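What follows is a short report on a single structure.
The values are calculated or read from the model by the stated rules, or taken from the named source; none is laboratory data. The structure presented is a predicted model; accordingly, all values stated were derived computationally and were not measured. Using ideal geometry, Cβ is built from the backbone for each residue, glycine included, and neighbour counts are taken over all protein chains shown. Please note that ligands, DNA and RNA were not included when accessible areas were found on the heavy atoms of the full protein model with its side chains. Shrake-Rupley method; radii C 1.70, N 1.55, O 1.52, S 1.80 Å.
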Amino acid sequence: MIIRICCLVLLLLSLPSYAGIDHAVGVARDAESGKIRYIEHHQYFENGTHQVDYYRPDMVRIAYKTLRYADLPQHPSILQEDFNRQSQTEVSVVDGKVLMTSKRPDGVREGSLEAVPELIVDAGFDAYIRKHLDELLDQGESRLKFAVAGFPRTLTMRVEARPADRAGEYNLSIYPNNFFVRLFVPRIDLVYSDTPRLKEYRGYSNLIPDDRDRKSTRLNSSHQIISYAVF
């Protein structure tokens, strides 16, 4: 059973660049206890590849996610693996189709979606928001179709965008358009700078560091990170 509890706090610290690679490190803490839940290491390569490695507090690597943006920014190619779940997911765009393959101990699942511009695939949401932030702010409220990597089905999401109380920042709220779906799928709140870069993420993450439970996450950052920490 999925239990929503207090958010985690994630602080991303910018690290020096080496050989054209930008780095960021995130430390996720439980908002109530202050306990470190997991650590993220983001690498941004000159060729556009984004690599994320996830670690337990004892620095045991528990998952990774590699993203490449060859076509539309909202349609990234993705390879991700969760070692605790013994699962691997691959997303690729071929001949106008978003192809998804998910390998788990109980079998292999495959499916596809039409690679239409209005479809947002997984972490492509951040790239889409950065490219269309002004348009989203002008509209105030938009509806987009979203698909999680490994699940070849779409969910219509409502996006509300507005200036934040702090100058140079913008708040976005994302939640299912369907009322009944909202009872099961948590809302996501984002804060973007006018750069634009993602500064804060508060929402659902199903990364399981060690204890087999789910946590909501809160991410604070001055460095660009993926919008959705989903596997």
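In this structure, is Y192 in contact with a strand residue (DSSP E or B) (Cβ under 8 Å, 6 or more places away or on another chain) and farther than 25 Å from Y54 by Cβ? Taking the combined requirement at face value, the residue does not satisfy it.
Applying the criterion of being out of contact with any Phe, Trp or Tyr (no Cβ under 7 Å at 6 or more places or on another chain) and closer than 22 Å to P73 by Cα to the residues of the stretch 21-40, the residue that is modelled with the highest pLDDT is H23.
Among the residues that make up the stretch 141-161, is at least one of them in contact with a Phe, Trp or Tyr (Cβ under 7 Å, 6 or more places away or on another chain), over 23 Å from A24 (Cβ atoms), of a type in the set (D, E, K, R) and at pLDDT 90 or above? So far as the stretch 141-161 goes, yes, one or more of its residues are in contact with a Phe, Trp or Tyr (Cβ under 7 Å, 6 or more places away or on another chain), over 23 Å from A24 (Cβ atoms), of a type in the set (D, E, K, R) and at pLDDT 90 or above.
Restricting the search to strands (runs of 3 or more DSSP E) fully inside the stretch 112-193 and requiring at least 2 residues that are in contact with a Pro (Cβ under 8 Å, 6 or more places away or on another chain) gives 155-163, 169-176. The set of residues in the stretch 178-192 that are in contact (Cβ under 8 Å) with a residue 24 or more places away in the chain and more than 19 Å from the chain's Cα centre (by Cα) contains only V181. Just one residue in the set I174, I120 is under 13 Å from H75 (Cα atoms) and open to solvent by less than 50 Å² (accessible area, probe 1.4 Å); that residue is I120. Among the residues of the stretch 62-81, not a single one is over 25 Å from T156 (Cα atoms) and open to solvent by 70 Å² or more (accessible area, probe 1.4 Å).
Would you check which residues across the stretch 134-160 are hydrophobic (A, V, I, L, M, F, W, C) and either surrounded by fewer than 19 Cβ atoms within 10 Å (Cβ to Cβ) or within 21 Å of V181 (Cα to Cα) (or both) and list them?
At the first step, the residues of the stretch 134-160 found to be hydrophobic (A, V, I, L, M, F, W, C) are 136-137, 144, 146-149, 151, 155, 157, 159.
Listed by number, the residues that qualify are L137, L144, F146, A147, V148, A149, F151, L155, M157, V159.
What about A164, is it closer than 19 Å to L79 by Cβ and in contact (Cβ under 8 Å) with a residue 12 or more places away in the chain? Lay out the reasoning, then the answer.
Working: closer than 19 Å to L79 by Cβ: no; in contact (Cβ under 8 Å) with a residue 12 or more places away in the chain: yes.
No.
Among the residues of the stretch 178-215, those identified as at pLDDT below 80 and over 30 Å from A167 (Cβ atoms) are N206, L207, I208, P209, D210, D211, R212, D213, R214, K215.
A single member of V108, V93 is touching a strand residue (DSSP E or B) at 6+ places or on another chain (Cβ under 9 Å), open to solvent by less than 50 Å² (accessible area, probe 1.4 Å) and at pLDDT 90 or above, and it is V93.
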